[in-house]
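The structure appears right after this line, and notes come after that.
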Amino acid sequence: MTTDPPDLRHERALLGAGARVVAGMDEVGRGALAGPVSVGVAVVDASTGPCPTGLTDSKLLTPRARARLVEPTRAWAVGWAVGHAGPAEIDAHGIVTALRIAGLRALAQVRRQVGPVDVVLLDGSHDWLSRPAGFDLFASAELDIDDGPPDPAVRTLVKADMTCASVAAASVLAKTERDALVAGLARQYPAYRWDSNKGYASAAHVDAIRRLGTTPQHRRSWKIPGAETLPTPVEAAQSTLDGSL
């Protein structure tokens, strides 16, 4: 079954209703066992034309196709950014707040490029971006989230990454940047095969956790498969030694 490519229908409706700039936003890495959670933002305005050919939800694209789309997508958007929240922040604040931290960091970056964003189109049905009452602004400063102008309005839309060009763009930018970050971490921790599983619970990843334990890049507050059978430090050291022989 084929689907229509994403377009700017929803974005143009918001622009026609008075928004100056609209940002599509999407996250990647929410369900991984290791590595950051990342949030992409792609901004459009009334002058933005059709999106690059082939742009769609990043999950529907091969790694090579995503890589080819990165530069055309960056050039197409009025502004773009990817924000990250690391494993320690996920452990300290929980995944939903970590998503908010990453999203607000991305918005702070695009604010420096294009000024305040009026509306965010958010993939899914849950608004995890808006700051709840009582959100600690002093803690926000420590997390590199500027206090800036008021947060933008948020519009959620299920499958927005398949229908809204700005959200599809955000998904591609977030996915490619996070994949590159995790591939870099894989060189430091090669046994976990993050270069191929990107921090998700593949068989090789879970097996490495069982043999070697977790790393600082794992989300240790989570119930990580295999962590319940972690080896003792002596067993882990012996396993590492055996693997080098």
With the requirement that a residue be outside any helix (DSSP H, G or I) and in contact with a helix residue (DSSP H, G or I) (Cβ under 8 Å, 6 or more places away or on another chain), what does segment 87-121 give you? V117, D118, V119, V120, L121
Residues located in segment 196-210, provided they are surrounded by fewer than 19 Cβ atoms within 10 Å (Cβ to Cβ), in contact (Cβ under 8 Å) with a residue 12 or more places away in the chain and out of contact with any Leu (no Cβ under 9 Å at 6 or more places or on another chain): A204, D207
Residues being free of Cβ contacts under 8 Å to residues at least 60 places away in the same chain, open to solvent by 20 Å² or more (accessible area, probe 1.4 Å) and not basic (K, R) - total across segment 95-115: 2
Counting only residues that are over 17 Å from A81 (Cα atoms) and surrounded by fewer than 24 Cβ atoms within 10 Å (Cβ to Cβ), segment 158-181 contains a total of 4
Take P149 and tell me if it is open to solvent by 50 Å² or more (accessible area, probe 1.4 Å) and at pLDDT below 95. no
For segment 68-86: of the residues being out of contact with any helix residue (DSSP H, G or I) (no Cβ under 9 Å at 6 or more places or on another chain) and of a type outside the set (K, R), which is most open to solvent (accessible area, probe 1.4 Å)? E71
For segment 51-64, indicate whether the set of residues that are open to solvent by less than 10 Å² (accessible area, probe 1.4 Å) and not in a helix (DSSP H, G or I) is non-empty. yes
Single unsatisfied condition, T240 versus (1) under 22 Å from A85 (Cα atoms); (2) modelled with pLDDT under 95; (3) not aliphatic (A, V, I, L, M): (1)
Restricting segment 184-195 to residues that are open to solvent by less than 30 Å² (accessible area, probe 1.4 Å) and under 17 Å from the mean Cα position of the chain (by Cα), which is nearest to V44 (Cα to Cα)? G184
Do any residues in segment 211-227 that are within 15 Å of A201 (Cβ to Cβ) have Cβ atoms under 9 Å from those of residues that are open to solvent by 50 Å² or more (accessible area, probe 1.4 Å) and basic (K, R), where the two are at least six apart or on different chains, and which pairs are they? T214/R220; P225/R210; G226/R210; G226/R211; A227/R210; A227/R220
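The values are calculated or read from the model by the stated rules, or taken from the named source; none is laboratory data. Everything numeric here is computed off the predicted structure, so don't read it as measured data. Positions of Cβ are generated from backbone atoms using ideal geometry, with glycine treated the same way; all protein chains shown enter the neighbour counts. When the accessible area is computed, the model is the full protein with side chains, heavy atoms only, and any ligands, DNA or RNA have been set aside. Shrake-Rupley method; radii C 1.70, N 1.55, O 1.52, S 1.80 Å.
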